[in-house]
Structure formats: structure tokens, C-alpha cells
1. Round to the nearest 10 and report in Å² the accessible area of Arg61, as given by a 1.4 Å probe over the protein chains' heavy atoms.
2. Rounded to the nearest 20 debye, what is the charge dipole size of the range 98-167 about its Cα centre when +1 sits on each Lys and Arg Cβ and -1 on each Asp and Glu Cβ?
3. Place +1 on the Cβ of every Lys and Arg and -1 on the Cβ of every Asp and Glu in the range 101-167, take the dipole about the Cα centre, and give the residue among Ala120, Trp157, Cys101 whose Cα lies farthest towards its positive end.
4. With only Lys, Arg, Asp and Glu charged, each at its Cβ (+1 for the first two, -1 for the last two), find how big the charge dipole of the range 33-167 is about the Cα centre; round to the nearest 20 debye.
5. Using a probe radius of 1.4 Å on heavy atoms only, what accessible surface per residue do you get for the range 24-86? Whole Å² is fine.
6. Using r as the Cβ-Cβ distance of Val140 and Lys23, and R0 as 45 Å, what FRET efficiency do you calculate, to the nearest 0.05?
7. May I ask you to give the percent of accessible area on the range 38-82 that is carbon plus sulfur, with a probe radius of 1.4 Å?
8. Would you please classify the overall shape of the range 54-98 from the alpha carbon gyration tensor, given that a ≥ b ≥ c denote the square roots of the eigenvalues, rounded means a/c under 1.5, and beyond that prolate means a/b larger than b/c while oblate covers the rest?
Amino acid sequence: MSDAVLTHFDAQGQAHMVDVAAKSATHRVARATGRIRMQPDTLARVAAGNAKKGDVIGIARIAAIQAAKRTSDLIPLCHPLPLTHVAAEFILDEAQSSIHCTVQAETLGRTGVEMEALTAVQVGLLTIYDMCKAIDRGMVMEGIQLLEKRGGKSGDWHATAGAQGAG
């Protein structure tokens, strides 16, 4: 087990927002991924753009970007961050009857953007579920994970090849 400290708790064990005032503002980047599995017919309808609610991928992309911007409203101890860039990519995978989502979030700030990238992936996938649930309630979201983070005091981090999931 690691000797790392859980930073969201004070000396008395009470939850608190981490003080980042002494940290330097640096360029920080995080990439996260995940996927949603569905019936082949559902994927075909998404690909054709004829799902009942419209352009599923376009709406999911906007939802992912919006989620990154609103992460501090959803995760209680996250700092609100001035994001400088958010990109959401969706790839349809016919062989696995799934849609892969990868989000990259960036900021010039005192804390990282891992939570923003992870939240964006999950909300993008949830949006696909919402838009397609009338025809496929059995969709499964999986493999949501951080792929990499760059910048800050702790330096760069990359998921190991064996730890990279389905996304």
C-alpha cells in the first residue's frame, strides 16, 4: 500500500477543499476514456443519424464539454477551474458494438483537470444512453478511466498498458 495521504481530509479527519494557494499555476492536461456497449441495431441507428432524438454523437459531444465545465458543481470538493480547452472524441466500434469516448481537458491553473476529463467522459456516455434508451435499455458503460495527466508538482502520469480498459 502507498504512503500517499488522502488530501481531502484535514488532521482531524474532516473533509475539506485542498488549499492550492501555494501551488504554481502551470499548464495541466488530462485525458480520460470509456465506452458504452449496445445492441448492433442501436449502434447502426446512431451511425445512420436516425435515432429518434436526433444527432446522438453531436449532442453527446456538447454534453461532455458542458460536463467538464460544470465538474465543480457536481463533485463537492473539486475546485472550479478556468478550462482553456476541452475536446471530446467519439469513435463507433462495430466489431464490439460500442462507442468509445475520449476527452482531453486543459487548464492553466494550480490544480489538475483529471476530474473534469473523467466527468466529461461519463456524462458523454450517459447522454448516449439517454438518447437511445427507448430502443436499448441494456446498454453498459464501462472502462471509464484516466489515461494520462500532465503538469503540476507531481509531474506526468500515464496508465500502464495492462491497466488500460475498454475505452
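The values are calculated or read from the model by the stated rules, or taken from the named source; none is laboratory data. Just so it is clear, the structure is predicted and the values come from calculations on it, not from any experiment. Don't worry about glycine lacking a Cβ; one is built from the backbone with ideal geometry, like all the others, and counts go over all protein chains shown. Accessible surface is based on the protein model in full, side chains and every heavy atom, while ligands, DNA and RNA are left aside. Shrake-Rupley method; radii C 1.70, N 1.55, O 1.52, S 1.80 Å.
1. Result for Arg61: roughly 90 Å² accessible.
2. Values: 6 positive and 8 negative charges, 27 e Å.
So the magnitude is around 120 debye.
3. Most positive-ward Cα: Trp157.
4. Details: 14 positive and 14 negative charges, 58 e Å.
With Lys and Arg at +1 and Asp and Glu at -1, about 280 debye.
5. Values: 3420 Å² over 63 residues.
Ligands and nucleic acids excluded, the result is 54 Å² per residue.
6. So the FRET efficiency works out to roughly 0.75.
7. On the way: 1540 of 2670 Å².
Whole-percent figure for carbon plus sulfur exposure: 58.
8. Since a/c reaches 1.5 and a/b is larger than b/c, the shape of the range 54-98 is classed as prolate.
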